[in-house]
Amino acid sequence: MPGSFRRHRRHPRHLSVVATVAALALGATACGGSLSDSGSAGGDASGDSGAVKVGLVVPASGVYEPLGVDMTNGFQLYLNQHDNKLGGHEVDLVKADEGETPDTGVPAVQKVISQDKVSAVVGIVNSATALGVKEIVTQNKVPLIVANAGADDLADGSDYIWRSSFTNGSIGESLGKPVADAVKGGTVYVMAADYAAGHEYVAGFKKAFTAAGGKIAGEAYTPFGKTADWQPYLSKVQNSGAKAVYVFYAGAEAVNFVKQYKSFGLAGKLPLYAPGFLTEGGVLKAQGKAAKGVRTSLHYSNLLDTTENKTFVGAYTKAYDAPPTVYAVQAYDAAAVLDKALADADGTSGDAIAKALGGIGEIDSPRGTWKFDADHNPDEPYFLREVKEVDGGLGNVIIGNLE
Amino acid sequence: MGWLDANLLTMLNGLALAALLFLIAVGLSLVFGTMDVLNLAHGVVSLTGAYIGVALLDPATGTIGFIVAMLAAAAIGLVLGAVLAAVTSGVSDHLRQALLTLGIAMIAGDVLGEVFGSDVRSVPPPAFLGGSVEILGRSYPAYRLAVIVLSLIIGVALFLVLERTKAGALVRATVADRTMVEAIGVRSRLVLGGVFAVGAALATLGGLLAGPVLGAQPGLDNTVLLLALVVVVIGGLGSIRGAVLGAVLVGQVQTLGVSLLPDLASFLLFGAMAVVLLLKPAGLLPARYGTGARA
Amino acid sequence: MTRRTGRLRPAGVLLLVVILAAVPFLLASYPVSLGGRILAFALVVVSTDLLTGVTGMPTLAQVGYFGVGAYSAGLVGIHWTDNLIVQLAVGTLAAGLLALVTGVVAVRTAGIVFLMVTLAIGELIHQVADRLDFLGASNGLVGIPAGTLYPGGEPLILAGYTYWWALLVFLLGLTVAYVVAKSPLGLSMRAVRESPTRLRAVGQSTYVVRLVAFIIAGAIAGAAGTAWTAQTRFVSPGDLAFSVSALALLSVVLGGAGTLWGPAIGAAVVFLTRDWLAANYFTGHADLLLGIVFVLAVFLLPRGIAGYQLSRRSDPPHSGAAA
């Protein structure tokens, strides 16, 4: 710094800086690890008996918090059902708050990997965050089991990226043919939140829909997270002469959209199709009767009529006093995936788990049996669901199977 | 179908949005004009109103129940406003006011999230307004029409109080020259606290009325705060007529604007604000006597 | 007029730099990477203070220019060269240029109106980043290679090395801010804040002074953005959201507007509260903790952190927005 500050006689101000540095020092659990490559984080390659550290990074704040709560519950339920063990190893679960966007989510993943030295990371709701940590998990050789984020290009067969949830495009695709069949030559208006996921859901749908002979009446992309009023768009839908509407919305936007679809008189006249997030969990509760008749595609519904699912729904409802959502199942399955991998793995290091993940075969899940495809995305069936009254409340009743 | 026919409903809908924005924003404007306080907790005050709706209303609630909820929201708003007036009274610097009120907003937002959960919640309209009416052959929710009417009534009442009563005259004089009012010995503190309380009550009321349209969710407070700031700055800080005009403008930008220029939808609001401020830095209708928007 | 920024003595400054430089030897990888991000954010806050505190122009646009620097560095890294010095230069220049283009109209306003215009600038930059496909749109810019210092040099991957680069950029930016604040230009900037009429009376254009200050601050924020990208190798629109802009401005007030070093410490307090205290001990309640810090600061530190040791002095507190 320039010496021209010398003429000032006041005492130096470094005390506050020392305090800051001291505060930084408090954050350290080990010393001097930032200048050398400590190799793969977490666990050890020897023995099968040691505990395993797992990082659960889901939103505990921000708009995605409800998803984070469900995912935590799902993961925790699996642990509770298995004596807090995965693959025979006692689990030391480290939770971190993903927040809403990558500016909180990426540091959270960084923290569990380099400070807590976890052997695997589970979670991640936001696709941007998932893409942002891809490099970090690969570099540190810690496998990431993505339990929600659906960006199409996220999983690409890399050893450290696995996904127990879904890809945006394929959910959209699953609705293409059924909608084309339903409108019988009529046109469909498509609408989505204007961000990467919204475009992927629409692209997937359009691809399958037009391949099945369908025609698009019009398209609209609404500002993501900033749209509260759909009247201007719904008015265009009505003018377009479309015979049905396909949309992608989630969270608060899903609630407002579905309610307005009803109050502006479209519900009951133009069938509404969407990826299942439009009517999943707390969102459906807030929509109430306005959601009746909405048809969606998803890889799960808590009304799925199988023994495995009924047992799961019973246990989950007993533990958390609410029925499970797709988000809970995705995290539950992520735990199942890790359970199998750790049972096969040579030790508990991230690298060993990553190697074992390739050979775990089929997962028995409440949603049915599924396995990882070549890209490490779940190869899974989709269900066509319709919102109907069930036992006095509303539920996503399964009315068909989709490819 | 002509252009007007095609867009009339959208413009009407813009008015409904404007009605809600006016109710929420006018308090922010008055508090700034009279007390020179930039209250960034205004959004969370408004969200509190929406959550009062979540707590007190269900789809079966009749008109009486809804009026009770409105009174409860207004009463709680009055208290919140009085508390905020007291807390901010010793802080005259705008930046420190921002630090204080945004700090309070962050704490209150977290507490609301703890109490009501992080899920988006819906607020049902009163049962008799739950349906839709036919306008130009299209369904339109009756509740939104009611909001326009109610907001007009409140706006006119507010205007009359300010223009025709002694307290109103004092408020106007304070907007014009606060130090002068204090110098001539008027015990203005009570009136000023009253303005803060009434402004907050309008915000909670507006939040409650916006509930059936926007729902209630953590984070909505920031959205509402930004919209309210845009409304009052476009209109002119401290001016009721400005708040009306600002609300109408923002309402139309958010409806007619996105309908005509869908590709630019996400740029319209702040783009419009920037253009207005660069052309008329004091806002479109600055407070008549005043220096509310003095820069 | 310059005494506010001139209180640091060389010995203290040297000690401070030595301590900051020693951090990678003392701490583990995660706290070091947190420290590196703090340095980048602190430099944005310093640039915010140059406008807000020194010149009396409270701004919410600096995070936007930070984003311009961050995205520029990322694009240079992906499409041209992984050389960090080139990235720093391009990012700084790009942010400075955009500050010039936007500042030409923005600095015609003042006070709260200026604040709202800068809010609009910040939000518009945010929206552009959110929509342009070659910037990765809402998913953010990925695939940025690790930076190098000279052609053929080792890429900086480990947290300790990227921290040092961030520290270097931070010190450079802070030095520029100090030099500007102490120069004749800085004198004029303070005059803009305290008595614009007097400035006009002596024949100086407040417009030009404000514009130049705006460009310099934008360029410094851009430099901070390149330091951010060098560490995270990932930029997303969330990095430039309104919430970040608000935290940058509040850090200035928390630290003590007009002192430059105080706001840098304010930035560290904000980041440590959010990413260390909340992340480790109060998961999901970062807002609550930050809110408490802000409210306490208003009542316990009336002149910000920098004012803590100055409280016996007689010069009055000030700020730009008290127009």
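Here are the numbers:
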| quantity | calculated |
| --- | --- |
| Residue in segment B:91-103 that is over 30 Å from C:Thr52 (Cβ atoms), within 21 Å of the chain's Cα centre (by Cα) and crowded, with 23+ Cβ neighbours inside 10 Å present | no |
| A:Val202 being under 30 Å from B:Gly137 (Cβ atoms), β-branched (Val, Ile, Thr) and part of a helix (DSSP H, G or I) | yes |
| Check on A:Gly288, in a loop (DSSP other than H, G, I, E, B) and either closer than 28 Å to A:Tyr249 by Cα or in the same structural domain as A:Gly88 (by TED's automatic domain parsing) (or both) | no |
| Residue among B:Val248, B:Val232 that alone is buried (at least 24 other Cβ atoms within 10 Å of the Cβ), among the hydrophobic types (A, V, I, L, M, F, W, C), assigned to a helix (DSSP H, G or I) and away from chain A (no Cβ under 14 Å) | B:Val232 |
| Scan of segment A:367-386 for residues that are part of a strand (DSSP E or B) and in contact with a strand residue (DSSP E or B) (Cβ under 6 Å, 6 or more places away or on another chain), ordered by number | A:Trp370, A:Lys371, A:Pro378, A:Asp379, A:Tyr382, A:Phe383, A:Leu384, A:Arg385, A:Glu386 |
| Enumerated helices (runs of 4 or more DSSP H) restricted to segment C:1-120, each holding at least 2 residues that are more than 16 Å from the chain's Cα centre (by Cα), over 22 Å from C:Ser205 (Cβ atoms) and at the interface with another protein chain (Cβ under 7 Å from one of its Cβ atoms) | C:10-26, C:29-49 |
| Residue under evaluation A:Gly265, criteria (1) part of a helix (DSSP H, G or I); (2) touching a strand residue (DSSP E or B) at 6+ places or on another chain (Cβ under 9 Å); (3) small (Gly, Ala, Ser), criterion not met | (1) |
| Out of A:Asp364, A:Asp351, A:Asp333, sole residue that is assigned to a strand (DSSP E or B), over 21 Å from A:Val258 (Cα atoms) and not assigned by TED's automatic domain parsing to the domain that holds A:Ala274 | A:Asp364 |
| Positions within segment A:118-143 being surrounded by fewer than 24 Cβ atoms within 10 Å (Cβ to Cβ) and not in a helix (DSSP H, G or I), in sequence order | A:Lys141 |
| Meets criteria (in contact with a helix residue (DSSP H, G or I) (Cβ under 9 Å, 6 or more places away or on another chain), buried (at least 18 other Cβ atoms within 10 Å of the Cβ), in a helix (DSSP H, G or I) and within 14 Å of chain A (Cβ to nearest Cβ)) for B:Arg144 | yes |
| Criterion: touching a residue at least 24 places away in the same chain (Cβ under 8 Å) and either surrounded by fewer than 21 Cβ atoms within 10 Å (Cβ to Cβ) or charged (D, E, K, R) (or both) - qualifying residue of A:Gly214, A:Gly276, A:Gly265, A:Gly225 | A:Gly225 |
| Conditions (1) within 14 Å of chain C (Cβ to nearest Cβ); (2) more than 22 Å from B:Gln217 (Cα to Cα); number of the one not met by B:Thr63 | (1) |
| Members of segment C:232-280 that are away from chain A (no Cβ under 11 Å), over 13 Å from C:Ala42 (Cβ atoms), small (Gly, Ala, Ser) and part of a helix (DSSP H, G or I) | C:Ser245, C:Ala246 |
| Search result, residues across segment B:147-168 that are surrounded by 13 or more Cβ atoms within 10 Å (Cβ to Cβ) and within 17 Å of B:Ala16 (Cα to Cα) | B:Val147, B:Ile148, B:Leu150, B:Ser151, B:Leu152, B:Ile154, B:Gly155 |
| Of all residues making up segment A:63-100, the number that are assigned to a loop (DSSP other than H, G, I, E, B), surrounded by fewer than 24 Cβ atoms within 10 Å (Cβ to Cβ) and in contact with a helix residue (DSSP H, G or I) (Cβ under 8 Å, 6 or more places away or on another chain) | 5 |
| Residue among C:Thr232, C:Thr259 that alone is touching a helix residue (DSSP H, G or I) at 6+ places or on another chain (Cβ under 9 Å), closer than 13 Å to C:Phe41 by Cα and polar (S, T, N, Q) | C:Thr232 |
| Condition met for C:Leu172 (free of Cβ contacts under 8 Å to residues at least 60 places away in the same chain, within 12 Å of chain A (Cβ to nearest Cβ) and surrounded by fewer than 19 Cβ atoms within 10 Å (Cβ to Cβ)) | yes |
| Residue in segment C:242-265 that is farther than 28 Å from C:Asp130 by Cα, at pLDDT below 95 and among the aromatic types (Phe, Trp, Tyr) present | yes |
| Some residue of segment B:32-49 being in contact (Cβ under 8 Å) with a residue 12 or more places away in the chain, part of a helix (DSSP H, G or I), within 14 Å of chain A (Cβ to nearest Cβ) and touching a Gly at 6+ places or on another chain (Cβ under 8 Å) | yes |
| Hey, A:Lys388 in the same structural domain as A:Val179 (by TED's automatic domain parsing), over 23 Å from the mean Cα position of the chain (by Cα) and in contact (Cβ under 8 Å) with a residue 24 or more places away in the chain or not | yes |
| Index of the failed condition, C:Tyr163 passing every other in (1) surrounded by 22 or more Cβ atoms within 10 Å (Cβ to Cβ); (2) within 14 Å of chain A (Cβ to nearest Cβ); (3) under 30 Å from B:Leu225 (Cα atoms) | (3) |
| Any hit, segment B:41-56, residues being more than 12 Å from the chain's Cα centre (by Cα) and over 29 Å from C:Ser243 (Cβ atoms) | yes |
| Considering residues of segment A:101-117 that are in a helix (DSSP H, G or I) and in contact (Cβ under 8 Å) with a residue 60 or more places away in the chain only, the residue farthest from the other protein chains (Cβ to nearest Cβ) | A:Ile113 |
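This table checks each residue for (1) within 14 Å of chain C (Cβ to nearest Cβ); (2) over 27 Å from A:Lys289 (Cα atoms).
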{"residue": "B:Met70", "(1), (2)": "no, no"}
{"residue": "B:Gly81", "(1), (2)": "no, yes"}
{"residue": "B:Leu84", "(1), (2)": "yes, yes"}
{"residue": "B:Gly109", "(1), (2)": "yes, yes"}
{"residue": "B:Ser118", "(1), (2)": "yes, no"}
{"residue": "B:Arg121", "(1), (2)": "no, no"}
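To keep it simple, each residue is scored yes or no on (1) part of a helix (DSSP H, G or I); (2) within 17 Å of B:Gly199 (Cβ to Cβ); (3) in contact with a helix residue (DSSP H, G or I) (Cβ under 8 Å, 6 or more places away or on another chain).
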position: B:Phe128; (1), (2), (3): yes, no, yes
position: B:Ser139; (1), (2), (3): no, no, yes
position: B:Leu150; (1), (2), (3): yes, no, yes
position: B:Ile153; (1), (2), (3): yes, no, no
position: B:Ala157; (1), (2), (3): yes, yes, no
position: B:Val161; (1), (2), (3): yes, yes, yes
position: B:Leu170; (1), (2), (3): yes, yes, yes
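The values are calculated or read from the model by the stated rules, or taken from the named source; none is laboratory data. Here the structure is a predicted model, which is why all the values come from computation and not from measurement. A quick note on method: Cβ atoms are made from the backbone with ideal geometry, for glycine too, and the neighbour counts reach across all protein chains shown.
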